[in-house]
Structure formats: structure tokens, C-alpha cells
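One structure is given below, encoded as C-alpha cells.
The values are calculated or read from the model by the stated rules, or taken from the named source; none is laboratory data. Here the structure is a predicted model, which means the values were calculated and not measured. In this analysis, Cβ positions are derived from the backbone assuming ideal geometry, glycine residues included, and neighbour counts consider all displayed protein chains.
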């Protein structure tokens with residue numbers, strides 16, 4: 001990787017070389033990124049993408065790295081983090097949030113503006129961009145339910161604003177899983193509501209989340225998609241796997257759908273435990289568990 005050329009073409013963008021991604025992922029696992037970049041504007045994101053295209057450098061956007069496992073070998077090429085693009089603006093009954101803004105923070109802005117519709121997301125720890133990428137949801141709501149439009153820059157450097165319908169949303173899926181691009185901002189269409197009712201609902205969901213989820217340990221959130229006709233946590237419990245330790249990782253004793261880092265787990269610990277769970281559940285119940293968490297990066 002030609003650092004001199006990178007600095008020459010992208011001089012204003014903050015960069016870290018060979019930075020362990022365990023410093024950024026919610027699991028606190030993951031090897032180093034060849035080059036980690038922190039753009040502040042949409043134009044800088046475009047500059048990064050076009051430079052990668054010209055120099056044939058692979059690139060990945062990490063978002064808030066909350067529902068993600070980076071393998072122990074780290075990431076090749078450029079890894080882009082949008083945490084400095086975190087503006088959230090209210091206009092009437094719409095909210096426009098930049099991709100690096102945290103979804104939780106955006107729900108708080110909605111609450112203060114007396115806007116209802118985002119309460120379900122008050123405990124989802126991801127970024128706005130990541131939430132759109134995977135159509136994040138909880139407690140009966142999904143971001144697709146309240147998205148009006150999404151601003152994207154595609155891998156050829158072209159900017160486009162897509163409507164909700166054009167995003168091709170479905171369960172934990174969007175068009176961005178079919179076509180490579182970067183979410184830059186999202187506009188949510190909400191409704192005027194009662195501040196007290198919105199606050200009460202968010203408090204209720206926060207209490208529910210804290211009582212059921214193992215927030216006291218690092219984790220990647222819900223590991224598996226919900227299989228049709230089943231609940232993942234119950235399948236894992238019924239298989240006798242809850243509490244199983246694998247290296248430094250453990251199937252949470254609080255919620256069997258979570259894997260927690262209890263003792264300096266590696267990404268390999270996580271991945272092997274996930275594969276073990278999938279094998280046991282299929283063997284015992286004939287159910288194939290698909291991962292909700294994204295697993296990316298190179299082998300060590």
C-alpha cells in the first residue's frame with residue numbers, strides 16, 4: 001500500500017494504518033485494517049471510492065460495527081468509518097440523519113421534537129447507515145417502516161437518492177446487499193406525537209431490553225435471523241447449548257440468541273461457536289440458522 005500516494009490524493013482525511021479493528025467492533029475482536037479512514041463529508045467518501053477504483057484497492061464500510069464480526073486476520077485495503085458524519089436535522093415531521101449518526105441518538109432527537117415512529121429503535125446500537133443496509137428492526141418495527149428516502153454514493157462515484165420502494169427492503173435486507181454503495185444520509189417520515197407517550201414507550205422498551213439482553217458484556221447483538229416458525233433463543237435452549245463456552249466466547253446465559261465476549265475472545269472463537277450452534281440445531285431440529293451478524297475480513 002503506497003502511503004505517500006494515499007496522503008497525496010486524500011490529504012485532508014484522517015487515516016490510521018494497521019489499526020486493530022477490535023478497538024472499534026462491539027465484540028472487541030478483529031484484526032488490523034490496512035488503512036482505516038474517517039471521512040467528514042459526502043465528497044470525501046466519493047474521493048475515497050474513486051481512488052480505490054483507480055488503484056484497484058478493495059474497500060469496506062464498517063458503520064458502527066455493532067452487528068459485525070471482523071475475522072482475526074483483519075481487513076485488506078481501505079476500511080471506511082463514517083462516525084464523523086453524524087448530523088441529525090429536523091424539518092417539520094421529517095428527520096434527516098447522516099450515515100454515521102447513531103440510531104439511538106436519532107430516536108432521542110425524534111422524541112425531543114415530539115415525533116413518533118422511531119420508538120422501536122431506541123435500543124438498537126448501530127449507525128444509521130448500518131441500520132439501512134440491513135433494515136434493522138426490533139419489537140415489531142423495522143427502519144423500512146419510517147424511511148422516506150436514502151442518499152447513496154455508488155461504487156462508480158455516482159450520487160443517487162432512492163425512495164423507500166427503490167431500496168427493495170425485506171427482512172434484514174436492502175438493495176445495498178445486492179449492489180455496492182455507501183449510505184450518506186437517510187430521511188425518516190414521522191408523525192407528530194405526544195412527548196409523554198413517546199417517552200413512556202421508549203422507557204418501556206429500554207427496560208425490556210436491559211432485562212432480557214446481556215448488555216454487561218461485549219457482543220455483536222442478535223447473532224441469527226429468526227427462522228420461520230421458530231424462535232432462535234428457544235431452539236438453542238432446547239438443544240442444551242445455553243451457557244456453552246468456546247474459547248473466550250459464550251452463549252449468553254441471559255439470552256441464548258446472543259454470544260458474549262467473556263474472556264478476551266477472538267473472532268475465531270465467535271465464528272467456530274456460531275458454526276457449532278448451526279450444526280447442532282440442524283442435527284436436532286432440522287432447522288438451518290442463518291446469521292444476522294455479518295462476518296467479514298481475512299483469515300489469520
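Is it true that some residue in the stretch 245-266 is in a loop (DSSP other than H, G, I, E, B) and in contact (Cβ under 8 Å) with a residue 60 or more places away in the chain? So far as the stretch 245-266 goes, yes, one or more of its residues are in a loop (DSSP other than H, G, I, E, B) and in contact (Cβ under 8 Å) with a residue 60 or more places away in the chain. Quick one: would you say residue 181 is closer than 30 Å to residue 165 by Cβ and outside the structural domain of residue 41 (by TED's automatic domain parsing)? So residue 181 fits the description; yes.
When residue 105 is tested against (1) assigned to a helix (DSSP H, G or I); (2) over 24 Å from residue 135 (Cα atoms); (3) out of contact with any strand residue (DSSP E or B) (no Cβ under 6 Å at 6 or more places or on another chain), just one condition goes unmet, and that condition is (2).
Here residue 213 qualifies as crowded, with 16+ Cβ neighbours inside 10 Å and either out of contact with any helix residue (DSSP H, G or I) (no Cβ under 9 Å at 6 or more places or on another chain) or at pLDDT below 90 (or both). Scanning the stretch 1-27 for residues that are surrounded by 17 or more Cβ atoms within 10 Å (Cβ to Cβ), in a loop (DSSP other than H, G, I, E, B) and touching a strand residue (DSSP E or B) at 6+ places or on another chain (Cβ under 7 Å) yields a total of 4. Residues in the stretch 61-79 that are in contact with a strand residue (DSSP E or B) (Cβ under 8 Å, 6 or more places away or on another chain), surrounded by 18 or more Cβ atoms within 10 Å (Cβ to Cβ) and either in a strand (DSSP E or B) or at pLDDT 95 or above (or both): 61, 68, 69, 70, 71, 74, 75, 78, 79.
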